[in-house]
1. Could you put ARG56, ARG43 in order, starting from the residue whose Cβ has the fewest other Cβ atoms within 10 Å?
2. Given 0.36 nm per residue, what is the gain on full extension from SER48 to ASN29 after removing their alpha carbon distance, in nm?
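Bear in mind these aren't lab numbers, they're just calculated from the coordinates by the rules spelled out. Just so we're clear, the structure is a prediction, and the values are computed from it rather than from any experiment. For neighbour counting, all protein chains shown are included, and Cβ atoms are generated from backbone atoms with ideal geometry for every residue, glycine included.
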Amino acid sequence: MPRGLLLRDVMTRWNLTFNMLNFAYEHWNTINLMMQDHANGLRDFKLSEDEWDIVRQLRDVFKVCHFVSSLT
């Protein structure tokens, strides 16, 4: 996968959800900057601090699931 490519979720693949959440959390600052730009029309989608905390928590849950499934 090309470096810096924004990942998309796939409903039937939880491991891709982990990858998407992990990427988003690692790049939260850049994503927030993109959301603040009026020209791109994404301002309504900017996440609050509480929502970023939920992203982190979900990522951590999926990370454990990813680790456990790799053991089996």
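1. Working: ARG56 15, ARG43 12.
Taking fewest neighbouring Cβ atoms as first place, the list is ARG43, ARG56.
2. Working: separation 19, 0.36 × 19 = 6.84 nm, distance 1.19 nm.
Between SER48 and ASN29, full extension yields 5.6 nm more.
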